[in-house]
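Everything below concerns the one structure shown next.
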Amino acid sequence: MVRSAQRPASRSVIVERYTWLERVTHLVHLVTLFILLITGFKIYFGWGFMAFQTARTWHMIAVPFFLVANWILVPYNLFSCKEERCSVRDRTVHFKDSYIFGKADAERFIDIIKNFFGKGRYPAFSIYDETTGHYETKLHPVMKILIVLESIAIVIVAITGVVLYNLDWSPFGIPIAAWILSVTWYFASFFNINALGLLRLLHLLAAYWFVFELVVHVGIIEFDPYVWKYHKAIFWSGKEDLSDRQFVKIIDEDEQKRVTGEH
């Protein structure tokens, strides 16, 4: 049988939803993002609550932590495996099922929209397979879309930030800032602005995207009392009680046999 988001489980099932490193990564990402947004808007708009140099210093301190969290810790968490033996294929399949928006996510997203208009029940987005001891997915379908867009925004803000930090930035003698400016000049000509102006605009738009994503992530998608348990899990416990019927589906041995056609 399947215990779904609409049918309560008969017993408590406590599982690890986030490892300690995943929780640390999320916290570092969140704290540094707030620092970058606040100091960045101060630098751009000239707000009077902080000195320019102070804002710039805090901005540059937060940058390496933000990039390490997103470009080193996040990929490590995504492809790490608890088992002693875990093939590249297993890791790839896990990543695809857990974080890439697919057909099943599209179906759940349609059901979510129907539920908003009073048609049907809200679908589960935490799907746990008891036979393997792993989540098949643990993200809201919309979050899988936002993750891709966020990754693009991080690349944009990093590339544009290099030039805004130093027009002549050349680590180890490599003229990275000059290369970025050269490429940007080509595209800037289509908009009748200079390269630095285009880079500044892209940097600002990426910042606005992070604000939008934060509002959608916390203020809309998860503005539900039943979802606050996931905030507790990501910031503190790392655990989830799957016996809670809200947004959860557990695939047990009987269901697995039914799906695979075994007897």
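The values are calculated or read from the model by the stated rules, or taken from the named source; none is laboratory data. Keep in mind the model is a prediction, meaning the values are calculated, not measured. Every residue, glycine among them, receives a Cβ derived from its backbone with ideal geometry; neighbour counts consider all protein chains shown. For accessibility, only protein heavy atoms count, side chains too; no ligands or nucleic acids. Shrake-Rupley method; radii C 1.70, N 1.55, O 1.52, S 1.80 Å.
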Residue of V162, V183, V142 that the Gaussian network model of the chain assigns the largest fluctuation, springs spanning Cα pairs under 10 Å: V183
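With an 8 Å cut-off on Cα pairs and a minimum separation of 6 or more residues, tell me the relative contact order of the chain in percent.
Details: 286 pairs, mean separation 90.1, N = 263.
In percent, rounded to a whole number, it is 34.
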Taking N as the number of residues in segment 149-258, the ratio of its alpha carbon radius of gyration to 2.2 N^0.38 Å works out to 1.70
So which lysines can K119 reach, going by Cα to Cα under 21 Å and dropping same-chain residues fewer than 8 places off? K103, K249
Using unit Cβ charges (K, R positive; D, E negative) and no other charged atoms, how large, in debye to the nearest 20, is the dipole of the chain about its Cα centre? 420 debye
Pick out which of I159, I100, I113 has the largest mean-square fluctuation in a Gaussian network model of the chain, springs linking Cα atoms closer than 10 Å. I113
Counting only protein heavy atoms, what percent of the accessible surface of the chain is carbon or sulfur at a 1.4 Å probe? 66 percent
For the chain: span of alpha carbons on each principal axis (Å, largest first): 67, 43, 37
Which residue, D105, D168, D252, tops the fluctuation ranking in a GNM of the chain built on C-alpha contacts under 10 Å? D168
What FRET efficiency do you get for T132 and R56 if R0 is 35 Å and r is their Cβ-Cβ distance, rounded to the nearest 0.05? 0.10
Determine the percent antiparallel among the DSSP beta bridges restricted to the chain, to the nearest 5. 65 percent
